[in-house]
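Report on one structure; see the data block that follows.
The values are calculated or read from the model by the stated rules, or taken from the named source; none is laboratory data. Just so you know, these numbers come straight off a predicted model, no measurement behind them. Here the Cβ positions follow ideal geometry from the backbone for every residue, glycine too, while neighbour counts run over all protein chains shown.
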Amino acid sequence: MENPKRDVLTTPTILRVALDTPLRRLFDYLPQRDSLITAEPGMRVRVPFGRQRLVGVVHSLATSSELPPEKLKTVLEVLDATPVVDAQVMELLDWAAQYYHHPLGPVMAAALPKLAREGAAARAMTERWFATESGLAAFESLKRAPRQRELLEALRVPEGVTSEALSAAFSDWRTPMRALVARGFASSAEDSDAPPPEATGANLLRGSGPELSEEQATAVAAIDAAHARFAPFLLYGITGSGKTEVYLHTVERALRRSQRALVLVPEIGLTPQLVGRFRERFAAPVAVLHSALSDTERLAAWRQCVSGEARIVLGTRSAVFAPIKDLGLIIVDEEHDASFKQHESGFRYSARDLAILRAQRAGAPVVLGSATPSLETLQNVLSGKFARLSLPRRAGQALPPRAAVVDLRAHAVRAGIATPAVEAMQRHLADDGQVLVYINRRGYSPTLACTACGWIAPCRDCDARLTVHLGASRLRCHHCGADAPLPEKCPQCGYAVKHVGQGTERVEETLTRLFPDMPIARLDRDVVRRRGDMEAVVSRIASGEARILVGTQMVTKGHDFPNVTLVVVLNADQGLFSTDFRAPERVAQTIIQVAGRAGRGTKPGEVLIQTEYPDHPLLLSLLNEGYDGFARAALAERAAANWPPFAHVVALRASATALAPAIEFLHNARQLAGNVRDLKLLGPAPAAMAKRAARYHAQLLIESRDRAPLHRMLAEWLPRVEALKTPRDLRWSLDVDPLELF
Ligand code: ADP
Ligand code: ZN
Ligand code: ZN
């Protein structure tokens, strides 16, 4: 049969392939001469690369190459029949590679699950077994091979039998099957799993939600009216105001138009409760993509996207790159959450910012939801770029909680808990309420100190102290993971040691002593180690079995505990005096998010914030005017200091086994930048915690009022920085729009 695309092959088409290498370029290959499948942009190919064979993605086609034709190698295999990176996602990746100044190959790799990067098929294949004509005719002759006969008997259906079904019915069927195949009595075929029929109309929904409030209905209508065009919204609603209900309704509208929806949530926000709410509401298939999936599970979820089976894609950060046809709506829940920014390694991107861009490419509305929006997003509302939708009241009968500060200097404090807080706990517990105690430190105590000589247990590899974990009887570093036995005596002078300060473990112990009859649950990273641990703790609270919950940040996200009536914030002060300009924003967000856990049911809630600085302007504005008041003050401060969102910042970071080479590298990089107008270079300077995990960290900041000159400079400067000679142990990275400044 003639391949209709054959003539494309006869012209000297060059495939420009993105490979996962650190080189900032694409690689040219020739298509296979006799292949029936023509490689198109977005398809994966296997190619020779030096002595290796790599899987890459065809980025584009070209008519000529910079390499002479005889140097060009030929593609070994085309892995896909249709593109797995569609044109829209390809544009997004192109843009991201330019904006974050990261090589396109690794950027492309971030869009694919690991097994797909290694060449796994984009469609799940089902192996089917059939009886052949001669097998059916020879049935009688198998009398002396009962297992083969039994198996052949099972194959006597025209549509054949899948391997899965055979495994369910027979213990070891592969051996007799091999014999049948060898005799020509049975054969197999593979077919790809066809997507199930489209769920629309009647079979779209499984359940229904509560009737929408007026504000919710207004929000849903506004978002729905913007369908089929790019329109960014901030859905600003306090915790429990019914944002998720708005998401569910707008997703339903998109699905009814035969479109698909992408819902991004923070790492910690993708709880079984949330997944459950989507699966209970929609009969349409939901693909769930997050970092705790095994490679096989992730591949399966990605295949659901590629085939179009998934109508809703619910995922964390990297799901922003999922292949989704007819994308009609993007939702970013808890848009302020730092986990949307990949900042640890490799390709440092903001999934929230890319979601906005993807919506623009798709011509679809994008909804950023939060009770505590980032200052960037609020500024976008103020400047008229985003439309604001508000849900000012709690859904149902719930009332907003009353909040007050407890002055730690004015009251007796026992193991970190002041008398008024203890009394409030007594009141709420006697009244059948549940109590949530928040402290942002896990472990028993943050410091182990000698009672005689002043020794303090330090981490050998970090500028940090080791945290006492009494239950496990270990000393651990929360920055590098160092782990050592807990000494009973001072290793320096042999005197007794003491535990200084509070962590979740110690607070739990204190509360057990104060309220011996009250079951207590703890939620932090030490308790939640495996899948299912989190659900176990959450269900102890949700069922009412546990009366007091002690926890870190983990308690602030996603859970709905209707019977929690009191929230106590033990240490609001941490972060009030940080050098990072974003620290106050994070403190305010955490306080509001934790406070939002109080009184979500019908009983009114109360929030107590313990502090040694009850007159701190941030706490005052937060308490008196809420998050809005705080945000106004904080934005004014940022504008005055020329910090984002009123300027753009890029961090060049370096680390080495000593501080001097890191600083020297950054210094040389700064020299290369020369005298740049419109830009401000700050540093190089050691990081606030310079030594971390046995490496010394430093950074150089580049600041600019406008984006354009900044990116022009980076594009010109980075290749020269890359060409700098560096010591072998030096590592460096670029972070565009950094969220944390060390
Ligand atoms: P958020 O996402 O803003 O925290 P949710 O959508 O989870 O809020 O709603 C909080 C609670 O209120 C949930 O239990 C939800 O089922 C309920 N709820 C939401 N909207 C309504 C409504 N219009 N009427 C009654 N209950 C509602
Ligand atoms: Zn000592
Ligand atoms: Zn350490």
| Does region 313-333 contain at least one residue that is more than 14 Å from Pro266 (Cβ to Cβ), assigned to a helix (DSSP H, G or I), aromatic (Phe, Trp, Tyr) and touching a residue at least 24 places away in the same chain (Cβ under 8 Å)? | yes
| remark: Result of the Cβ filter at 6 Å on region 579-604, keeping first residues that are within 19 Å of Gln379 (Cα to Cα) and partners that are assigned to a loop (DSSP other than H, G, I, E, B) and among the β-branched types (Val, Ile, Thr), at least 6 apart or interchain, is Gln589/Thr372
| Quick check, is Leu448 within 16 Å of ligand 2 (Cβ to nearest atom) and in contact with a Cys (Cβ under 6 Å, 6 or more places away or on another chain)? | no
| request: Among the residues of region 463-518, write down those that are within 14 Å of ligand 3 (Cβ to nearest atom) and polar (S, T, N, Q). | output: Thr467
| field | Pair list, Cβ under 6 Å, 6 or more apart: region 78-103 residue farther than 19 Å from Trp302 by Cβ, other residue surrounded by 22 or more Cβ atoms within 10 Å (Cβ to Cβ) and of a type in the set (Asp, Glu) | value | none
| message | Return the residues of region 493-508 that are surrounded by 17 or more Cβ atoms within 10 Å (Cβ to Cβ) and free of Cβ contacts under 8 Å to residues at least 24 places away in the same chain; say none if nothing qualifies. | response | none
| Unique match (being more than 16 Å from ligand 2 (Cβ to nearest atom) and over 35 Å from the mean Cα position of the chain (by Cα)) among Glu505, Glu423, Glu488 | Glu423
| query | Which ones in region 557-571 are over 26 Å from the mean Cα position of the chain (by Cα) and in a loop (DSSP other than H, G, I, E, B)? | reply | Pro562, Asn563, Leu570, Asn571
| query | Going through region 369-390 one residue at a time, which ones are among the hydrophobic types (A, V, I, L, M, F, W, C) and either free of Cβ contacts under 8 Å to residues at least 40 places away in the same chain or under 15 Å from Tyr627 (Cβ atoms) (or both)? | reply | Ala371, Leu375, Leu378, Val381, Leu382
| query | How many residues does region 373-399 contain that are in contact with a helix residue (DSSP H, G or I) (Cβ under 9 Å, 6 or more places away or on another chain) and either within 16 Å of ligand 2 (Cβ to nearest atom) or over 17 Å from Pro232 (Cα atoms) (or both)? | reply | 3
| message | of a type in the set (A, V, I, L, M), in contact (Cβ under 8 Å) with a residue 12 or more places away in the chain and more than 16 Å from ligand 3 (Cβ to nearest atom): is that true of Ala633 in this structure? | response | yes
| task | Mind listing whichever residues of region 351-395 are among the charged types (D, E, K, R), part of a loop (DSSP other than H, G, I, E, B) and more than 16 Å from ligand 1 (Cβ to nearest atom)? | result | Lys385
| region 230-242, residues that are modelled with pLDDT of 95 or more and either outside any strand (DSSP E or B) or within 30 Å of Ala598 (Cα to Cα) (or both) | Phe230, Phe233, Leu234, Leu235, Tyr236
| said: Against the condition under 30 Å from Pro604 (Cβ atoms), more than 16 Å from ligand 1 (Cβ to nearest atom) and under 28 Å from the mean Cα position of the chain (by Cα), how does Arg441 come out, does it pass? | reply: yes
| request: Go through region 526-556 and count every residue that is of a type in the set (D, E, K, R) and either within 15 Å of Ala598 (Cβ to Cβ) or within 16 Å of ligand 3 (Cβ to nearest atom) (or both). | output: 1
| query | Hey, which of the strands (runs of 3 or more DSSP E) in region 639-742, taking only ones fully inside, have at least 1 residues that are over 26 Å from Arg465 (Cβ atoms) and in contact (Cβ under 8 Å) with a residue 60 or more places away in the chain? | reply | 648-656, 695-704, 731-736
| said: For region 286-302, give me the residue count where each residue is out of contact with any Leu (no Cβ under 8 Å at 6 or more places or on another chain) and hydrophobic (A, V, I, L, M, F, W, C). | reply: 3
| From Ala261, Ala254, Ala292, which residue is in a strand (DSSP E or B) and touching a residue at least 24 places away in the same chain (Cβ under 8 Å)? | Ala261
| Cβ pairs under 6 Å, 6+ apart, first in region 449-463 and in contact (Cβ under 8 Å) with a residue 40 or more places away in the chain and farther than 11 Å from Ala694 by Cβ, second part of a strand (DSSP E or B) and within 8 Å of ligand 2 (Cβ to nearest atom) | Cys450/Val497
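Restricting attention to region 244-272, which residues are under 21 Å from the mean Cα position of the chain (by Cα), farther than 17 Å from Ile324 by Cβ and either buried (at least 17 other Cβ atoms within 10 Å of the Cβ) or within 16 Å of ligand 2 (Cβ to nearest atom) (or both)? Write out each step before concluding.
Residues of region 244-272 under 21 Å from the mean Cα position of the chain (by Cα): 244, 247-248, 251, 260-272.
Going one step further and asking which of them are farther than 17 Å from Ile324 by Cβ, we end up with 244, 248, 266-272.
Correct list: Thr244, Leu248, Pro266, Ile268, Gly269, Leu270, Thr271.
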| request: Sort through Leu19, Leu30 and tell me the only one that's touching a residue at least 60 places away in the same chain (Cβ under 8 Å) and either surrounded by fewer than 14 Cβ atoms within 10 Å (Cβ to Cβ) or not aromatic (Phe, Trp, Tyr) (or both). | output: Leu19
| query | Just one of the numbered conditions (1) at pLDDT 95 or above; (2) surrounded by 18 or more Cβ atoms within 10 Å (Cβ to Cβ); (3) in contact with a helix residue (DSSP H, G or I) (Cβ under 9 Å, 6 or more places away or on another chain) is not true of Asp524; which one? | reply | (1)
| query | Of the residues Val555, Val568, Val527, Val564, which single one is β-branched (Val, Ile, Thr) and free of Cβ contacts under 8 Å to residues at least 24 places away in the same chain? | reply | Val527
| note | Ala122 passes all but one of the listed conditions (1) assigned to a loop (DSSP other than H, G, I, E, B); (2) in contact (Cβ under 8 Å) with a residue 60 or more places away in the chain; (3) surrounded by fewer than 20 Cβ atoms within 10 Å (Cβ to Cβ); the exception is number (3)
